[in-house]
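The values are calculated or read from the model by the stated rules, or taken from the named source; none is laboratory data. None of the values given here were measured: they were computed from a predicted structure. Glycine also receives a Cβ, built like all others from the backbone with ideal geometry; neighbour counts cover every protein chain displayed.
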Amino acid sequence: MTNAILIFSIGPVQSFIAESRRTQDLWASSHLLCEITQAAIQAFQSAGAEVIYPADPTQESLPNRFVVQIPAENIPRATEEAQKEAQKALRRVAEEARKYLVQKGAQIDATWEAIWERQLSHHLEFFWAAAAIDGDYKSAYEQANRAFEAAKRTRTFVQIEEEGPKDSLSGRRSALHTDGLHPRDYWRQVGEKVGPSELRPFGRERLDALGVTKRFGYRRRFPSTSTVTVAPFLNKARRTWPLATYKNILHSIPKFYRVSDDPDWPYDGDLLFKETLTPDRLQDDYGFTEDDFKLHAERLKILREALQTLYKEVGSRPPIYYAILAMDGDSMGAHIGTCTSKEEHRELNCRLANFAKEVHKIVEEHQGALVYAGGDDVLAFFPLASALRAALKLATTYKQCFRDWAQKYPHHGLPFTNSAGIAVVHHRYPLDAALRAAWEAEKKAKKMQGKDAVAVAVLRRSGERAEMRSRWEGVEHRFAQLCQWFSDGALSSRFAYDVADSARRLEGLTGPFQAELRRLFRRHRDEKKPSPPDPEKAAADLMAWASTLSDGFVELANWILLARFVALGGGE
């Protein structure tokens, strides 16, 4: 019996994930893809396949691409069954979402069903390729991989007509609706039944079959961007009497829905921002009507006063910026390509699985919310203050998982490193745009020579955008030290702006710029504070960092501005 290596993938992935207005949609997209992949893997196992990648097909996060060894004669039946099981997995979650809407009283008719069926039937894409193992695992894998990449490049598309008003998530597919009812009116009625906790009121949000599956197919609640953003503030506020008072007033107004069982704070993080309590936001996000404003006028006034009291108790307002981290292993294709045996490939995958387990711990330690951790890929949300610190820890942990690899398998040659993109955005910034910024930053990090890098894109609410890149070894220690100086007051905020101005004027002039750094450190440091910077040492260290950056002094200045921004909690 001849065995073969088979590579199989299911899509679409990034476009499907990006079609998310809420973090709940994003998490559901990722989780659904993992369930679909798991169903396909199980179909191959039933056909006698041995799973090589991922190492643990039962783990929570799975890559959309997997590798199996399978008897060649079983390939036609196995690939057909895998596609069927993948479709069934999608349908199972979709049916849960459909049942939920019906239970809530949403109307469904033949028109609605026709749109539903069309969109679910044509969503998934499958690509696969196989090669016989003729005594050489490495050659078989390379042959299968070349065929797989060629299959993806020659993909064919089924042209589907999508008429009428489009859904709010993709903007490309028809929004679900019943016969004779405009989608806006239909979704206004649905919104009244499910409530603003799950759908924007007044028909402002319209979903298609895939959007409904994401939004209502799972009952788990994923933290919103606002909840992630306020995590450090909430930690300080916990168990204080002003938070308890504020929470109790919220309890007395039925329009404010709970999102968790947290005894201290069961509400969404957006209710810790004073802007949320403005009439426009209460109407848009919580469905307040004119009658509601009249009924709760006095309580809303007391609520706003209670929030101000909470700010005074904590000593600050909550931060308004958070970060999205997208991380990926460097040159993973090359690493896999050097594996000379199935056992070596499997061990590599086991180490990736170990890293994925560590990711969960690190994200939690840094108050983050993990969307996905499958193999070398990570997607997570973090409060602004802990994002870069968490990213550094993840990068270090990744390397540690392969610490003895070079000694064990010297023919691999390349070191195991990973690179990341971080988007720093306002908590109300459109999620799909924030995701694109993080993925774009990741691509820019991977364009650095030797990689092992991080790129950051800061998207200010004012429209101003700043970008910077660095190798991890450059950021490590230096960035944390700058943040500490700014937050302690050992270095004035003005230092960052003066460095930025000097960097533009003195670009390329190493001696004069280093002398200017020394002068600015002396001018802006506060010797009365603990551990103020030593001008000579600090300037030399920053110059060493600047020498490794693509854009030299200007990019260094951007990193210093970012450190100030983080230290002040996103303050201008």
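Take residues that are charged (D, E, K, R), more than 26 Å from R436 (Cα to Cα) and not assigned by TED's automatic domain parsing to the domain that holds H31 and tell me which of the helices (runs of 4 or more DSSP H) falling wholly in the stretch 297-369 contain 3 or more.
On the way: elements: 297-314, 332-337, 342-365.
In the stretch 297-369, 297-314, 342-365 are the helices (runs of 4 or more DSSP H) which contain 3 or more residues that are charged (D, E, K, R), more than 26 Å from R436 (Cα to Cα) and not assigned by TED's automatic domain parsing to the domain that holds H31.
Tally the residues that are assigned to a loop (DSSP other than H, G, I, E, B), among the charged types (D, E, K, R) and buried (at least 22 other Cβ atoms within 10 Å of the Cβ), restricting the search to the stretch 195-241. Talk me through it step by step, then tell me what you get.
Here is the first cut: in the stretch 195-241, the ones assigned to a loop (DSSP other than H, G, I, E, B) are 195-208, 217-224, 230, 238-240.
Checking which are among the charged types (D, E, K, R) leaves us with 198, 200, 204-206, 208, 219-221, 238-239.
Those left that are additionally buried (at least 22 other Cβ atoms within 10 Å of the Cβ): 205-206, 208.
Counting residues in the stretch 195-241 that are assigned to a loop (DSSP other than H, G, I, E, B), among the charged types (D, E, K, R) and buried (at least 22 other Cβ atoms within 10 Å of the Cβ) gives 3.
Suppose we filter E19, E35, E60 for residues that are within 25 Å of D167 (Cβ to Cβ), surrounded by fewer than 22 Cβ atoms within 10 Å (Cβ to Cβ) and of a type in the set (D, E); which single one remains?
Working: E19 fails: surrounded by fewer than 22 Cβ atoms within 10 Å (Cβ to Cβ); E60 fails: within 25 Å of D167 (Cβ to Cβ).
It is E35.
For A503, are the conditions met, namely being under 21 Å from F565 (Cβ atoms), out of contact with any Phe, Trp or Tyr (no Cβ under 8 Å at 6 or more places or on another chain) and among the aliphatic types (A, V, I, L, M)? Before you say what the answer is, go through the steps one by one.
Details: under 21 Å from F565 (Cβ atoms): yes; out of contact with any Phe, Trp or Tyr (no Cβ under 8 Å at 6 or more places or on another chain): no; among the aliphatic types (A, V, I, L, M): yes.
It is false that A503 is under 21 Å from F565 (Cβ atoms), out of contact with any Phe, Trp or Tyr (no Cβ under 8 Å at 6 or more places or on another chain) and among the aliphatic types (A, V, I, L, M).
Give all pairs with beta carbons closer than 8 Å in which a residue from the stretch 505-518 that is farther than 16 Å from L549 by Cα meets a residue that is part of a helix (DSSP H, G or I) and of a type in the set (S, T, N, Q); count only pairs at least 6 apart in sequence or on separate chains.
Partner pairs satisfying both residue conditions: E516/S502; L517/S502.
Residue-by-condition table, conditions (1) polar (S, T, N, Q); (2) farther than 26 Å from V51 by Cα:
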residue: Y100; (1), (2): no, yes
residue: S121; (1), (2): yes, yes
residue: L124; (1), (2): no, no
residue: A132; (1), (2): no, no
residue: Q143; (1), (2): yes, no
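Going through A457, A500 one at a time, which residue ends up being of a type in the set (A, V, I, L, M, F, W, C) and touching an Asp or Glu at 6+ places or on another chain (Cβ under 6 Å)? It would help to see each step written out before you state the result.
Values: A500 fails: touching an Asp or Glu at 6+ places or on another chain (Cβ under 6 Å).
Only one candidate passes the filter, namely A457.
Return yes when A150 is in the same structural domain as T37 (by TED's automatic domain parsing), exposed (fewer than 15 other Cβ atoms within 10 Å of the Cβ) and touching a strand residue (DSSP E or B) at 6+ places or on another chain (Cβ under 8 Å) and no when it is not.
Working: in the same structural domain as T37 (by TED's automatic domain parsing): yes; exposed (fewer than 15 other Cβ atoms within 10 Å of the Cβ): yes; touching a strand residue (DSSP E or B) at 6+ places or on another chain (Cβ under 8 Å): yes.
Against the criterion (in the same structural domain as T37 (by TED's automatic domain parsing), exposed (fewer than 15 other Cβ atoms within 10 Å of the Cβ) and touching a strand residue (DSSP E or B) at 6+ places or on another chain (Cβ under 8 Å)), A150 qualifies.
May I ask you to verify whether A106 is touching a strand residue (DSSP E or B) at 6+ places or on another chain (Cβ under 6 Å) and farther than 30 Å from V359 by Cα? So that I can check it myself, show each step before the final result.
Values: touching a strand residue (DSSP E or B) at 6+ places or on another chain (Cβ under 6 Å): no; farther than 30 Å from V359 by Cα: yes.
Here the answer is no, as A106 does not meet what is asked.
Specify which of the listed residues (F402, F382) is at pLDDT below 95 and in contact with a Phe, Trp or Tyr (Cβ under 8 Å, 6 or more places away or on another chain).
Values: F382 fails: at pLDDT below 95.
Just a single option satisfies the conditions, and that option is F402.
If only one of G135, G164 is more than 26 Å from R21 (Cα to Cα), in a loop (DSSP other than H, G, I, E, B) and of a type in the set (G, A, S), which one is it?
Details: G164 fails: more than 26 Å from R21 (Cα to Cα).
Going through G135, G164 in turn, just one is more than 26 Å from R21 (Cα to Cα), in a loop (DSSP other than H, G, I, E, B) and of a type in the set (G, A, S): G135.
With the requirement that a residue be among the small types (G, A, S) and within 18 Å of P12 (Cβ to Cβ), what does the stretch 22-43 give you? Spell out the reasoning first.
First, pick out the residues of the stretch 22-43 that are among the small types (G, A, S): 28-30, 39-40, 43.
If the condition is that a residue be among the small types (G, A, S) and within 18 Å of P12 (Cβ to Cβ), then A28, S29, S30, A39, A40 are the ones that fit.
In the stretch 370-393, what residues are within 26 Å of Y53 (Cα to Cα), out of contact with any strand residue (DSSP E or B) (no Cβ under 8 Å at 6 or more places or on another chain) and assigned to a helix (DSSP H, G or I)?
K393, the sole residue that qualifies.
Answer yes or no: is there a residue in the stretch 437-454 that is of a type in the set (V, I, T) and under 14 Å from the mean Cα position of the chain (by Cα). Steps first, please.
Kept after step one, since they are of a type in the set (V, I, T), are these residues of the stretch 437-454: 454.
In the following step, the residues that additionally are under 14 Å from the mean Cα position of the chain (by Cα) were identified as none.
Scanning the stretch 437-454, I find no residue that is of a type in the set (V, I, T) and under 14 Å from the mean Cα position of the chain (by Cα), so the answer is no.
Here is a check on your reading of the model: is Y267 over 27 Å from G570 (Cα atoms), of a type outside the set (K, R), touching a helix residue (DSSP H, G or I) at 6+ places or on another chain (Cβ under 9 Å) and outside any helix (DSSP H, G or I)?
Details: over 27 Å from G570 (Cα atoms): no; of a type outside the set (K, R): yes; touching a helix residue (DSSP H, G or I) at 6+ places or on another chain (Cβ under 9 Å): yes; outside any helix (DSSP H, G or I): yes.
No, not satisfied.
Which one of S487, S462, S531 is farther than 24 Å from N418 by Cβ, surrounded by fewer than 17 Cβ atoms within 10 Å (Cβ to Cβ) and in the same structural domain as A323 (by TED's automatic domain parsing)? First the steps, then the outcome.
Details: S487 fails: in the same structural domain as A323 (by TED's automatic domain parsing); S531 fails: in the same structural domain as A323 (by TED's automatic domain parsing).
Selected residue: S462, the only one of S487, S462, S531 that is farther than 24 Å from N418 by Cβ, surrounded by fewer than 17 Cβ atoms within 10 Å (Cβ to Cβ) and in the same structural domain as A323 (by TED's automatic domain parsing).
Report those helices (runs of 4 or more DSSP H) wholly inside the stretch 426-535 carrying at least 3 residues which are under 23 Å from A391 (Cα atoms). Walk me through how you get there before you give the answer.
Working: elements: 431-446, 472-475, 478-488, 494-506, 510-524.
Once the helices (runs of 4 or more DSSP H) in the stretch 426-535 are filtered for at least 3 residues that are under 23 Å from A391 (Cα atoms), what remains is 431-446, 472-475, 478-488.
Could you grab me the full set of residues in the stretch 286-343 that are within 17 Å of Y53 (Cα to Cα) and either charged (D, E, K, R) or more than 30 Å from the chain's Cα centre (by Cα) (or both)? Give the steps one after another, and end with the answer.
Filtering the stretch 286-343 down to residues within 17 Å of Y53 (Cα to Cα) leaves 328-329, 331-343.
Hits for the stretch 286-343 are D328, T338, C339, T340, S341, K342, E343.
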